[in-house]
Amino acid sequence: MAPKAKSVGFKPQAKAFKDKSKPTDVRMSNIQAAKAVSDAIRTSLGPRGMDKMIQAGNGEVSITNDGATILKQMNVLHPAAKMLVELSRAQDVEAGDGTTSVVVIAGALLEACEKLLQKGLHPTAISDAFQRCSNKAVEILTQMSTPIELTDRDTLIKSASTSLNSKVVSQQSSLLAPIAVDAVIRVTEPGKEIAVDLKNIKVIQSLGGTVEDTELCNGLVFTSRSAGTNAPKRIEKAKIGLIQFCISAPKTDMDHNVIVSDYAAMDRVLKEERSYILNIVKQIKKAGCNVLLVQKSILRDAVSDLAQHFLDKIKCLVVKDVEREDIEFVCKTLHCRPIASLDHFTAENLSSADLVEEVASGTNKFVKITGIQNMGRTVSIICRGSNKLVLEEAARSLHDALCVVRCLVKKRAQIVGGGAPEIEMALQLAAYAQTVEGVDAYCFRAFADALEVIPSTLAENAGLNPIATVTELRNRHAQGEKTAGINVRKGAITDILAENVVQPLLVSTSAITLATETIRSILKIDDI
């Protein structure tokens, strides 16, 4: 009887023992998967970073250097690796730039976690310590930042061009950076700086020409050409109406049809159609409208041929097929309301502009509206490129630059770039680790070492010796040169502030907080 009880006593122990290894395995596999993602993207960090060519499932190829774009188009299967993709997207939404760095930092932190876990520290302890580290790091960053003013245009341009330097279009950064700064400042409402909406900046891609032909248009640009063959192509002192109804004969419902039996009835139908359209056109003429923007309609032609003929007669320029989602932007710019029915088509619902003309640009023609009276705070940028890949990459880089300026508008402080802030944080955190006791000391130490991945990756991508470079950088910072960073162009360590390599404070702080949050959630998982 006794031995039986003994064996019963053994069973649960064996079970508990078997399950012990599973959480560690799951953690390790998560860490490995996430590290693989971060290693894949590491080479595209910094001004000397490489580009990635991504072939999507439908055979479309895109070349990009933007971390968020690369990860969005890679099909990642592992759930933990997907968290890193989400992380870079979060950084893209929050700050817009630094999408690569945030993933690289996350990968380095995971490596640190792995070492700490092997030492036998508990994941929860590590995770809590990392949270404190990240708060401390943000504090250090805020201390070393310098405040700026929005009126200081040159400083804003420096930040934007730093963001553009790591992109394909780095040669044109002297042109694109001022465009980005002017665009953001145009759409910023005084007093409401926090709510800068980049939707108010419309980036239009136009094939043909080179990136140097990119221009900022102070007005409204439509990608479609004006309808009508002999309508005027240029109208000064324009009165613009934005309509949401169709200028064409009314149609029956989907499954009904009208059967016309004799010619007299058919004539009546045509006559009726003619007078119906004529009535609309007369009303338009009466209101004094000479530029008509017509919303795209699914069910029937927005402007029928007959209507087009009449509108040509009254010398009215028509832009049809204005997209549904652009309507809000157009209303904001022109400061008008969309006219939904003919009865409301009166002179007070129109908006006026100095000039509406059709301009040829590359292979396609645009309708450009300039000199709009009491124009809303919006702006259009026409982005040009010689082929599709360059064009898309230019638009993405421009978006990053816009985001950088937006960050500076939101939080008016900037820090130096070139790996300087990371080393500074690493040094101060390591010094702080000496004052903490217990498990925290190890974690602070590991966090500090992990931050050095950014400077070492920058050096590696620039073809310098990473170990020597980072050691010298650490030495310079220990001597109190807070602005010493890796100068990629000269391949040496110089005062990076003199080189005008600066970035917004928000980019770095959000990178660190977001990376730490992701790491903490990966650490907390112990079973899939």
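Remarks
- Given [x] 46; [y] 36; [z] 49, the label whose value is percent of Cα pairs over 37 Å apart derived from this model: [x]
- Distance between the pseudo-spin-label points of R300 and R268 (7 Å out from Cα toward the beta carbon): 1.9 nm.
- Using a probe radius of 1.4 angstrom, the carbon and sulfur fraction of the accessible surface of the chain is 53%.
- In this structure, the residue pairs whose Cα-Cα separation is over 24 Å, taken from K72/K136; K22/K524; K282/K315; K52/K82; K192/K368; K82/K136, are K72/K136; K192/K368; K82/K136.
- Between the beta carbons of D526 and K251, assuming R0 = 51 Å, the FRET efficiency works out to 0.25 to the nearest 0.05.
- Taking segment 219-374 and dividing mean pair separation by its residue count, relative contact order in percent (alpha carbons under 8 Å, at least six apart): 42 percent
- Gain upon complete extension [D39, N75; 0.36 nm per residue less C-alpha separation]: 11.4 nm
- The chain: relative contact order as a whole-number percent, Cα under 8 Å and 6+ apart: 26 percent
- Rough spin-label spacing in nm, given labels placed 7 Å along Cα→Cβ, for Q131 and D25: 3.0 nm
- With contributions of -39500 (n - 2.57) from each DSSP H run of at least four residues, the per-residue ellipticity at 222 nm computed over the chain stands at -17000 deg cm²/dmol.
- Hydrophobic, long helices, defined as DSSP H runs whose alpha-carbon span along the helix axis is 24 Å or greater and whose mean Kyte-Doolittle value is at least 1.0, occur in the chain at 99-118.
- With a simple spin-label model that places each label point 7 Å from the Cα along the Cα-to-Cβ direction, the separation between R153 and V93 comes to 3.4 nm.
- F222 accessible area, assembled protein chains, probe 1.4 Å, Å²: 10 Å²
The values are calculated or read from the model by the stated rules, or taken from the named source; none is laboratory data. Please read all numbers here as calculations on a predicted model, not as lab measurements. Don't worry about glycine lacking a Cβ; one is built from the backbone with ideal geometry, like all the others, and counts go over all protein chains shown. When the accessible area is computed, the model is the full protein with side chains, heavy atoms only, and any ligands, DNA or RNA have been set aside. Shrake-Rupley method; radii C 1.70, N 1.55, O 1.52, S 1.80 Å.
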